[in-house]
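Inspection log for the structure reproduced underneath, given as structure tokens.
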Amino acid sequence: MSPEYPFDEAATARVVVDDTGTVVEWNEGARSLLGWLPAEVVGRPAEDLLADGRAPVPSGSRWDGVVTLRHRDGRTVRVWLLAHRRPPRPDAPGRWLVVTPLNGSDAHSSDDTLAAAALLQSPCAVAVYDDRLRLVRVNNAMAEVIGLPEERIKGLRISEIGSQPQSAELEEHMVRVLAGGRPRDVQTYTRTGGEDHAHAWLARMAPVTDAEGRVRGVCLSAHDFTDNYLARERLQLVNEASVRIGTTLDVIRTAQELAEVCVPALADFVSVDLLDPQDGADPPARFTTPLRLRRAAHHSVLTGDPIAVAKPGEVQDYPTGSPQADSLVAGRTIVATLRGGSLDAWLTWDKLRAARVREYGIHSTMSVPIRARGTTLGVAVLTRFRRPDPFTPDDVLLAEEITARAAVCVDNARRYSRERETALALQRSLLPRSLPRTAAVDAASRYLPAARAGVGGDWFDVIPLSGMRVALVVGDVLGHGIQASATMGRLRTAVRTLADIDLAPDELLTHLDDLVVRLSEEAGGEGSPGEVGASCLYAVYDPVSRRCALARAGHPPPVLLRPGRPASPVDLPAGPPLGLGGLPFESAELELPEGSLLAFYTDGLIGSSEPDADSGHRLLSEALTAYSDSLDETCDRVLHTLLPPTGAADDVALLLARTRGLPAAQVATWTIPADPALVGPVRKQVVDQLGRWELSAASFTTELVVSELVTNAIRYGTHPIRLRLIHDETTLICEVSDTSHTAPHLRRAKTWDEGGRGLLLVAQLTQRWGSRHTADGKTIWAELGLFEEE
């Protein structure tokens, strides 16, 4: 015997019996008591040792009583036995430990002076153990806690008196007290043999010394601090719920967090079912059964949630008598127990749940309505099957507190989801449903809302212009939500209107900047700038000249990929963001070979910070360099390369445009002398050209339009005058340019007027017509649909 291991194995008769009734362990004390050697007993039925051959049947996890045993020499021995079940482990099945003290051993000798001193000094439940950690004395309070009288357990170790893991832990601490001579305090939460429910105990262990200062034993005093312990646990759980619930604005994730917080601290299984309102409306104020609920989340102490009957996302009907329906109809928390019969109607109706109740031993449920801001959102049902205690009134208060906090988070997530869906619907309705097919570019686009921040004000557009040209636009309104989407719609409409009058890119951004300043003044109330901000990139590409004019207002530059060359950002003057007012914008002009690829995007694709932007530009250039013939596949590759799997932190708009060039054979140009007499020869040249293009069917209409436009230019314009015809598969365009900046306008001629009907005639004969200002004058143009002529 040593201080590190002070136990005398022969002082107790100890036997271990498995669930089949077979003896698996036999110690030296058992041999001393009955005379049997371990080899003669281990592996045999324990009933063979009983004189009457009948083994007692324990009704719980512990049993004690007097039995008559057979000695090896044939006589019988009547002894008191204590048996308690050891919890099963993954590596060992459940077993019973059967012990009895050996009264003849010196382990039972009592030092009355030592025991009396220890008992007199302790105001609570006290037990005294000797230097071999065998029980010497207990007072009445400790005997009541243990649930056994002193004469029955004297001489046993604490691990032999109780089978819980906490008993073995206390014994290890007692060994340290015995060896080191220093007191120790240990807190534990367990159910002792004399208790129906688990209690929190403060075990204070102190060495007991004699007059010479030698350690003669250990005094163990137990203090019940259950109320303080549970109050602290509840406060900690509420604090934990405040931190863990509502980490995202996702309804399902919030419901799952509620279930996870309550397991295992409050229940063994928790399900969260939410009402499924139609068309985004609030749930009803009053409920009638059966109720339709959607399973949002559940969580269990068992891996795989085998108790769950409904799967996440599944909708089920709950009739009267079910915990879910009864709680929502009553509008309060309802505790139901299997023993009380309050679940009978529910289990009779639902056979599958009844089978789960029997299989896992479910005995109590607590259903708590999930309410926030006067609206009932659903119900949380807490279930116990591993914990033997039913739900208490304190548990109800705690569950209601946690659920109330979670309800606010669920409602916030629900409102956010509703606003996000509304903003997303508005955003998508304001964006182009499909991109127009033009002779200038092949285009493809993508729009992705932000994964967390909400829908923003990103937009893009492809706008056909006169002369086969096309405008390419991408923009970004600051902020998120419905207001940003509405502002985006106003700006997109303004850009299309300004583009229709063929403004140069820098002039268009100047007008757009004025609009944003006015919107900012309206939003600020007192004219404070910056309330509404936006960025924009506007480009105009001409397939005849293969030149592209661009200007940007605080927006990332486009990335250009010319055939046979690597992709790189376009060197384009930055320009101030829209909404500052009074600052100029600069444009640049590029010559683009046919097949060049332009990538327009918002900063959500590459990141707004400088390091992210540099890395984003590099990744975007690499993705574009490896692009395929399919622009849609290239869009998908760009998004897959630059965006994380969880989604972008900000809105993303991406517009890819591959340039096309109009062959010179599809363009005819004439310089017109300022002589009205030459209009006839010009018409003949136009008819001849249409014949070479095999467009003779359009000759009559084209002659009338050319005659009117050229005559007006000669009469009212300024020399030099130029006529240009452009055609593709579906459209024929007539353009007459001069150096005058005065633009014609359509008017209605009076009955006796000799003029004023020419432009009205042009408007009737063509699909559309208009004028645009150029750097050296103006151009009047008209488009004819070729299919309609044929």
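For the criterion of being surrounded by 21 or more Cβ atoms within 10 Å (Cβ to Cβ), closer than 29 Å to Leu598 by Cα and basic (Lys, Arg), Arg469 passes. Cβ separations smaller than 8 Å between residues 6+ apart or across chains give the following pairs from region 646-670 residues that are within 28 Å of Gly475 (Cα to Cα) to residues that are buried (at least 16 other Cβ atoms within 10 Å of the Cβ) and of a type in the set (Lys, Arg): Val652/Arg446; Ala653/Arg446; Leu654/Arg446; Thr659/Arg546; Gly661/Arg546. Can you name the residue in region 1-30 that is in contact with a Pro (Cβ under 7 Å, 6 or more places away or on another chain) and either part of a helix (DSSP H, G or I) or touching a residue at least 40 places away in the same chain (Cβ under 8 Å) (or both) and, of all such residues, is surrounded by the fewest Cβ atoms within 10 Å (Cβ to Cβ)? Residue satisfying both the conditions and the ranking: Asp19.
In region 378-392, the residues that are among the hydroxyl-bearing types (Ser, Thr, Tyr) form Cβ pairs under 7 Å with partners that are part of a loop (DSSP other than H, G, I, E, B) and surrounded by 15 or more Cβ atoms within 10 Å (Cβ to Cβ), at six or more places apart or across chains, as follows: Thr383/Ala267; Thr383/Asp268; Thr383/Ile362. The criterion of being modelled with pLDDT under 85 and within 19 Å of Gly475 (Cα to Cα) does not hold for Gly604. Taken over region 698-715, the criterion of being surrounded by fewer than 22 Cβ atoms within 10 Å (Cβ to Cβ), in contact (Cβ under 8 Å) with a residue 40 or more places away in the chain and under 18 Å from Leu760 (Cβ atoms) is satisfied by Thr701, Leu704, Thr711, Asn712.
Across region 644-660, the qualifying residues are those that are buried (at least 18 other Cβ atoms within 10 Å of the Cβ) and not in a strand (DSSP E or B), and the one among them that is nearest to the chain's Cα centre (by Cα) is Ala648. Among the numbered conditions (1) in a helix (DSSP H, G or I); (2) more than 21 Å from Ala657 (Cα to Cα); (3) in contact (Cβ under 8 Å) with a residue 24 or more places away in the chain, the only one that Gly457 does not meet is (1).
Residues considered: Thr641, Thr646. Of these, the only one that is in contact with a helix residue (DSSP H, G or I) (Cβ under 7 Å, 6 or more places away or on another chain), modelled with pLDDT under 90 and assigned by TED's automatic domain parsing to the domain that holds Tyr601 is Thr641.
Do we have Ala674 as surrounded by fewer than 16 Cβ atoms within 10 Å (Cβ to Cβ) and free of Cβ contacts under 8 Å to residues at least 12 places away in the same chain here? It is false that Ala674 is surrounded by fewer than 16 Cβ atoms within 10 Å (Cβ to Cβ) and free of Cβ contacts under 8 Å to residues at least 12 places away in the same chain.
Among the residues of region 299-334, those that are without any contact (Cβ under 8 Å) to a residue 60 or more places away in the chain, hydrophobic (A, V, I, L, M, F, W, C) and in a loop (DSSP other than H, G, I, E, B) comprise Leu302, Ala308, Val309, Ala310. Residue count for region 144-165 under the criterion of being of a type outside the set (D, E, K, R), under 54 Å from the mean Cα position of the chain (by Cα) and crowded, with 18+ Cβ neighbours inside 10 Å: the result is 8. Filtering region 128-151 to residues that are of a type in the set (Ser, Thr, Tyr) and in contact with a His (Cβ under 8 Å, 6 or more places away or on another chain) leaves nothing.
Yes or no: region 670-681 includes at least one residue that is among the β-branched types (Val, Ile, Thr), at pLDDT 85 or above and outside the structural domain of Leu592 (by TED's automatic domain parsing). Yes: one or more hits. Restricting attention to region 144-191, the residues being in contact with a Gly (Cβ under 8 Å, 6 or more places away or on another chain) and of a type in the set (A, V, I, L, M, F, W, C) number 5.
Residues checked against (1) in contact with a strand residue (DSSP E or B) (Cβ under 6 Å, 6 or more places away or on another chain); (2) modelled with pLDDT of 90 or more; (3) not assigned by TED's automatic domain parsing to the domain that holds Glu160:
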| position | (1), (2), (3) |
| --- | --- |
| Gly43 | no, yes, yes |
| Ala51 | yes, no, yes |
| Gly65 | no, no, yes |
| Arg72 | no, yes, yes |
| Val77 | yes, yes, yes |
| His84 | yes, no, yes |
| Pro87 | no, no, yes |
| Leu119 | yes, no, no |
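One residue alone among Ser615, Ser621, Ser630 is within 30 Å of Ala439 (Cβ to Cβ) and surrounded by fewer than 16 Cβ atoms within 10 Å (Cβ to Cβ), and that residue is Ser630.
I need the full set of residues from region 188-222 which are surrounded by fewer than 16 Cβ atoms within 10 Å (Cβ to Cβ) and assigned to a strand (DSSP E or B), in order please. Result: Tyr189, Thr209.
Just checking, does region 262-276 include any residue being part of a helix (DSSP H, G or I) and in contact with a strand residue (DSSP E or B) (Cβ under 7 Å, 6 or more places away or on another chain)? Yes; the residues of region 262-276 include at least one that is part of a helix (DSSP H, G or I) and in contact with a strand residue (DSSP E or B) (Cβ under 7 Å, 6 or more places away or on another chain).
Within region 523-540, the presence of at least one residue that is in a helix (DSSP H, G or I) and either at pLDDT 95 or above or in the same structural domain as Ala653 (by TED's automatic domain parsing) (or both) is confirmed.
For region 414-447, the set of residues classified as among the aliphatic types (A, V, I, L, M), in contact with a Leu (Cβ under 7 Å, 6 or more places away or on another chain) and surrounded by fewer than 20 Cβ atoms within 10 Å (Cβ to Cβ) consists of Ala444 only.
For region 484-499, the set of residues classified as surrounded by fewer than 19 Cβ atoms within 10 Å (Cβ to Cβ) and either on the phi > 0 side of the Ramachandran plot or touching a residue at least 60 places away in the same chain (Cβ under 8 Å) (or both) consists of Ala486, Gly489, listed by residue number.
Here Ala231, Ala206, Ala222, Ala255 are screened, and the one residue that is small (Gly, Ala, Ser) and closer than 22 Å to Ile307 by Cβ is Ala255.
Considering only residues that are of a type outside the set (Phe, Trp, Tyr) and not in a helix (DSSP H, G or I), which ones fall in region 223-261?
Hits for region 223-261 are His223, Asp224, Ile245, Gly246, Thr247, Thr248, Leu249, Asp250.
The values are calculated or read from the model by the stated rules, or taken from the named source; none is laboratory data. Keep in mind the model is a prediction, meaning the values are calculated, not measured. Cβ sites come from the backbone with ideal geometry, for glycine too, and all protein chains shown count toward neighbours.
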